[in-house]
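Structure record follows, encoded as structure tokens.
The values are calculated or read from the model by the stated rules, or taken from the named source; none is laboratory data. Just so it is clear, the model here is predicted, and its values are computed rather than measured. Neighbour counts run over all protein chains shown; Cβ positions are idealised from the backbone, glycine included.
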Amino acid sequence: MNPDSGRRRAARLAVSLAVLSGALVAVGMAVDVASAQQTTIERGEYLARAGDCVSCHTAGGGEPFAGGLRIDTPFGYMLAPNITPDPETGIGNWSGAHFYRALHDGVNKHGQDMYPTMPYDFYTKVTRADIDALYAYLRTVKPARNAVDVNHLDFPFSQRWTMGAWRELYFTEGTYRPDPSKSTAWNRGGYLVEGLGHCSDCHSPRNLLGAIEKRKDFSGAVIDGWFALDLTSDIVTGLGSWSDGEIATYLKTGVAKDKTTTLGPMAEVIRNSTSHLTDADRLAMAEYLKALPPDSRLRTGRVAPDPTKQRGAQLYIDNCSGCHQALGRGIPGVFPPLAGNPVVRAADPNDILKVVDRGISPRAGFVAMPAFNTQLTDQQVADIANYVRTSWGNQAPPNATSAMVAKLRATPR
């Protein structure tokens with residue numbers, strides 16, 4: 001059973017961005033203990049931002065991290081606990097080992113199974129070093145005396161023994177393991193999205209016992225009357241038409257130009273969490289999210305996108321949209337538009353194929369276009385051509401083929 005639809009829990013998109021583990025090492029000189037401790041605390045504060053801890057552990061008008069926020073679930077409601085270092089009502093008497101066990105194993109100081117309204121099923125992926133840094137930071141926040149009676153769930157869910165069955169079915173303990181076949185940035189993004197960020201906690205549908213439907217991870221879900229959007233690379237309902245830069249900018253500002261702005265609780269996650277992260281971490285998250293396979297349940301009743309068009313769209317986003325912009329509108333006097341462009345819409349695709357493959361020198365004030373003959377395959381050039389010929393109101397036939405590109409490349413300029 002995983003009560004999930006807390007009022008602000010939906011705000012915890014995405015995103016989370018914890019600093020990867022790493023101990024402070026001195027080379028050739030003694031390390032000052034005070035400065036080492038300060039470094040750990042500063043990293044812990046960053047991690048707290050990454051996990052958006054303050055949003056769920058702060059009641060309206062209450063002291064930061066002092067708990068008391070009501071989290072409604074299909075099984076009753078919970079009140080977020082006090083995680084300030086107050087010794088009687090907070091975690092002042094918790095050791096670092098107690099704190100690690102709670103986040104990594106979902107077991108509290110008293111040895112009781114915790115309710116996954118605290119998303120330990122995601123935090124289990126966070127490294128010990130990062131959890132220790134987070135603990136060190138929380139020890140420095142202002143202690144607040146605020147006794148919270150956490151459990152207000154309906155019977156039998158109010159009995160903690162029910163968590164034993166839920167854990168067996170749905171919880172897998174384990175720190176994030178990097179994929180050596182992927183880039184460093186992708187792995188960083190995976191660590192952040194899947195760990196402290198716990199993005200799919202709000203962006204995934206759940207079954208009757210409150211567990212995430214794993215085959216529909218990140219495909220979107222209703223949370224307290226708001227819909228947490230599809231974060232997969234689905235070209236129709238997800239992030240397939242977004243570039244990495246657009247996703248990163250959205251996580252920083254809450255605005256994606258020509259696409260959307262924040263609505264509802266997502267504004268809080270931008271304000272309290274992702275806007276405070278580094279540009280590198282936001283881009284790493286974007287790279288990971290862009291790689292999530294499209295499997296959206298929202299396609300029900302819709303015609304699935306043509307896979308060729310989907311490939312072309314992704315290639316356009318990665319290689320062309322930076323200059324020719326979204327919707328192929330270009331930049332007046334600098335980059336020509338593709339929407340409505342006669343060269344693009346011609347019955348024969350050879351002109352557009354040559355432009356993509358060989359580039360164009362600067363002319364009439366327009367910036368030169370680079371050649372993609374060394375970067376893209378024959379099929380990729382054809383896919384881009386067909387995409388721009390059939391998008392944004394262009395109605396040319398998608399008749400560019402890899403054979404045409406191969407012939408073009410075999411012909412002297």
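Applying a threshold of 6 Å to beta carbon distances and a minimum spacing of six or more residues, or different chains, the list of pairs starting in region 261-282 at a residue that is within 15 Å of Asp244 (Cβ to Cβ) and ending at one that is at pLDDT below 90 and surrounded by 14 or more Cβ atoms within 10 Å (Cβ to Cβ) reads Thr274/Val15; Leu277/Leu17; Asp281/Leu17. Only one of the listed residues (Leu231, Leu239, Leu196, Leu208) is in a loop (DSSP other than H, G, I, E, B) and surrounded by fewer than 19 Cβ atoms within 10 Å (Cβ to Cβ). That residue is Leu208. Scanning for something assigned by TED's automatic domain parsing to the domain that holds His198, over 21 Å from Ile223 (Cβ atoms), free of Cβ contacts under 8 Å to residues at least 60 places away in the same chain and not in a helix (DSSP H, G or I), does region 51-60 turn up at least one residue? No, region 51-60 contains no residue that is assigned by TED's automatic domain parsing to the domain that holds His198, over 21 Å from Ile223 (Cβ atoms), free of Cβ contacts under 8 Å to residues at least 60 places away in the same chain and not in a helix (DSSP H, G or I).
Within the set Thr232, Thr249, Thr237, the sole residue that is closer than 28 Å to Tyr316 by Cα, of a type outside the set (Asp, Glu) and modelled with pLDDT under 85 turns out to be Thr237. Within region 160-186, the set of residues being of a type in the set (S, T, N, Q) and free of Cβ contacts under 8 Å to residues at least 24 places away in the same chain comprises Ser181, Thr184. Residues of region 128-176 that are assigned to a loop (DSSP other than H, G, I, E, B) and either outside the structural domain of Arg206 (by TED's automatic domain parsing) or hydrophobic (A, V, I, L, M, F, W, C) (or both): Val141, Ala144, Ala147, Val148, Val150, Phe155, Phe157, Trp161, Phe171. Does Ala339 qualify as being at pLDDT below 85, part of a loop (DSSP other than H, G, I, E, B), on the phi < 0 side of the Ramachandran plot and not acidic (Asp, Glu)? Taking the combined requirement at face value, the residue does not satisfy it. Tell me yes or no: at least one residue of region 117-125 is surrounded by fewer than 15 Cβ atoms within 10 Å (Cβ to Cβ) and part of a helix (DSSP H, G or I). Scanning region 117-125 turns up no residue that is surrounded by fewer than 15 Cβ atoms within 10 Å (Cβ to Cβ) and part of a helix (DSSP H, G or I). Return yes or no: is Phe372 in contact with a strand residue (DSSP E or B) (Cβ under 9 Å, 6 or more places away or on another chain) and not charged (D, E, K, R)? Judged against the criteria, Phe372 is not a match. Scanning region 363-410 for residues that are in a loop (DSSP other than H, G, I, E, B) and of a type in the set (A, V, I, L, M), which turns out surrounded by the most Cβ atoms within 10 Å (Cβ to Cβ)? Checked region 363-410; the qualifying residue surrounded by the most Cβ atoms within 10 Å (Cβ to Cβ) is Ala400. Restricting attention to region 311-330, does a residue exist that is within 31 Å of the chain's Cα centre (by Cα), buried (at least 19 other Cβ atoms within 10 Å of the Cβ) and not in a helix (DSSP H, G or I)? The answer is yes, given that some residue of region 311-330 is within 31 Å of the chain's Cα centre (by Cα), buried (at least 19 other Cβ atoms within 10 Å of the Cβ) and not in a helix (DSSP H, G or I). It is to be established whether one or more residues within region 300-310 are part of a helix (DSSP H, G or I), buried (at least 18 other Cβ atoms within 10 Å of the Cβ) and modelled with pLDDT under 90. Looking through region 300-310, at least one residue is part of a helix (DSSP H, G or I), buried (at least 18 other Cβ atoms within 10 Å of the Cβ) and modelled with pLDDT under 90.
Among the residues of region 78-97, some residue qualifies, meaning at least one is in the same structural domain as Asp149 (by TED's automatic domain parsing), modelled with pLDDT of 90 or more and more than 18 Å from Val141 (Cα to Cα). Residues in region 280-299 that are of a type in the set (Ser, Thr, Tyr) and at pLDDT below 80: Ser296 only.
Summed over region 65-116, the residues that are among the polar types (S, T, N, Q), surrounded by fewer than 16 Cβ atoms within 10 Å (Cβ to Cβ) and touching a residue at least 60 places away in the same chain (Cβ under 8 Å) give a count of 0. Taking (1) touching a helix residue (DSSP H, G or I) at 6+ places or on another chain (Cβ under 9 Å); (2) surrounded by fewer than 19 Cβ atoms within 10 Å (Cβ to Cβ); (3) at pLDDT below 90; (4) under 20 Å from Lys142 (Cβ atoms) in turn, Glu42 satisfies each apart from (3).
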